[in-house]
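The structure under discussion appears below in the form of structure tokens.
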Amino acid sequence: HRGVYVSGNSSSVAGLTASVVRDPSGEFALEAGALILADQGICCIDEFDKMGADQQALLEAMEQQTVSIAKAGIVCTLPAQTTVVTAANPSKGSWDTTLTLVQNLKGIMSEALLSRFDVVYLMRDEGNAHEDAALSRHIVRRRMQGAGAVLGDEGSAAAAPVRDWAHTADAEGRPGRRSLRERCSEVPAGAALPQELLTTYIRYAKQFAHPCLGKAARNRIREFYLKRKANDHKAASQIPVTPRLLEALIRLSEARARAELRRAVLLSDVEDVIDILEAGADFEEQLPDEPIRKGKTKANTIVDRLRQHMERRVRCGGSREFRDRELRELAGPGVREEDFDKAIRRLNEQENALLIKGSGTYEYVGGR
């Protein structure tokens, strides 16, 4: 049994089925693609939503378990008894609970192709605090060097931490830490290292410095990730927080320690990385003022309009409380009572962005 992995953003019809090439003798010959190579095995296709029209190459293989070729005078049918496993993102990037399965996959996958899959699973990030904590522990442990020997956390064998000239209790708990911006501002403009020396230093650091995470650094990375994850809200108009942020924190913290040729990542390294991330995200998010895209229902259009106005007022320091009459005015003239009620229910029940406080008063809790 064989397994083949394919990435949807770099595959084609010929790469999935078969292509015609010239052999050393000058004759045409067939070169098998992923589906044929995975005959009697499994073919895994990632980024399936990036394939576009090339998805249609799977129709025959998933229905007839064969691939028919008619190219350059070669006509044949090749076996493709392959289990196809794919992963795709919905059309909006995240699952919209107000839409049906077909609507969420519009432009991603045709109904004819979708019907050929025996099982379809929906995988959503529900924002469970317990699962987020477990995932963060797993990712941090996976990145550890010799995980069972140096973790020292619950559920693993405690051992002596990695030590070097900078990995001491004083270095971990040094008081009065100044921000990275303050320290960088004190560096003279003419104190830059010569390019040749800097290149040599970086090459040496990459070759000989392989730091691992200290206990304080691991805890701070998990703490920052879980805090950002808890503040992530789908109605906040912010970049969504995913486990990629956790991996980025680990990579950048290791790079910060490697810059000083240390064997261990300290808490101060993580704090410097957090300063960099927060400085990069220190900008005012602009709310979209362009018209709502065509094809949306009236209730969804009202939801977008209300969210934009409420988010704008909250970001300008205004109150989070809104009266029923005020929201009706924001919804615009000519809005039916039924569409307005649907929009309020969606903001309250599905997006959890609007709390109903009674007496015609609402509180906007999105963006926290």
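The values are calculated or read from the model by the stated rules, or taken from the named source; none is laboratory data. Note that the coordinates shown come from a computational prediction; the quantities given were computed from them, not determined experimentally. With ideal geometry, Cβ positions are generated from the backbone for all residues, glycine too; neighbour counts draw on all protein chains shown. Accessible surface areas use protein heavy atoms only, side chains included; no ligands, DNA or RNA. Shrake-Rupley method; radii C 1.70, N 1.55, O 1.52, S 1.80 Å.
By accessible area of protein heavy atoms, probe 1.4 Å, what ranking do 227, 92 get, highest first?
From most accessible down to least: 227, 92.
Note down the accessible area of residue 130, probe 1.4 Å, to the nearest 10 Å².
140 Å²
Taking 0.36 nm per residue of sequence separation and subtracting the Cα-Cα distance, how much length would be gained by fully extending the chain between residue 187 and residue 5, in nm to one decimal?
Extending this stretch completely gives an extra 60.6 nm.
Each residue of the range 100-108 in order: what ³J(HN,Hα) in whole Hz does its phi give by Karplus 6.51 cos²θ - 1.76 cosθ + 1.60, θ = phi - 60°, with x for Gly and Pro?
7, 4, 5, 5, 5, 9, 5, x, 9
Whole-Hz Karplus ³J(HN,Hα) for the range 197-204, in order, using 6.51 cos²θ - 1.76 cosθ + 1.60 and θ = phi - 60°, x for Gly and Pro?
With the stated coefficients, the range 197-204 comes to 5, 4, 4, 5, 5, 5, 5, 5 Hz.
Sort 11, 136 from largest to smallest accessible area, using a 1.4 Å probe on the heavy atoms of the protein chains.
Solvent-accessible surface, decreasing: 11, 136.
Would you please give the residues with an amide H less than 5 Å from that of residue 265, counting only those at least 5 places away or on a separate chain, with H modeled from the backbone geometry?
212, 213, 214
Within 10 Å of each candidate Cβ there may be at most 16 other Cβ atoms; applying that plus a DSSP loop requirement, which GluC sites (Glu not before Pro) in the range 47-150 survive?
Passing both the DSSP loop test and the Cβ count: 47, 126.
HN-Hα J couplings of the range 16-29 from phi, Karplus 6.51/-1.76/1.60, θ = phi - 60°, integer Hz, Gly and Pro as x?
7, 9, 6, 10, 9, 10, 9, 7, x, 7, x, 8, 6, 9
Could you pull the accessible area for residue 297 with a 1.4 Å probe, rounded to 10 Å²?
Answer for residue 297: close to 80 Å² accessible.
Determine the alpha carbon to alpha carbon distance for each of 92/298; 50/71; 106/229; 50/106; 229/298; 50/298 and list only those over 24 Å.
The pairs that break the limit, which is 24 Å between Cα atoms, are 50/71; 106/229; 229/298; 50/298.
Can you send over the solvent-accessible area of residue 242, 1.4 Å probe, protein chains only, in Å² to the nearest 10?
40 Å²
Using only the Cα atoms of the range 40-102, build the gyration tensor, take square roots of its eigenvalues as a ≥ b ≥ c, and label the shape rounded, prolate or oblate: rounded if a/c is under 1.5, else prolate if a/b is larger than b/c, else oblate.
prolate
Report, as a whole number in µm² per second, the diffusion coefficient that Stokes-Einstein gives for the range 1-145 at 10 °C and 1.306 mPa s using the Kirkwood radius over alpha carbon pairs.
Stokes-Einstein gives a translational diffusion coefficient of 91 µm²/s.
Scan around residue 84 for amide H atoms under 5 Å from its own, H built in the peptide plane at 1.01 Å from N, and keep only partners 5 or more places away or cross-chain.
43
Would the range 297-368 count as rounded, prolate or oblate if I go by the C-alpha gyration tensor, calling it rounded below 1.5 in a/c and otherwise prolate when a/b exceeds b/c, oblate otherwise?
It is rounded, given that a/c, with a ≥ b ≥ c, falls under 1.5.
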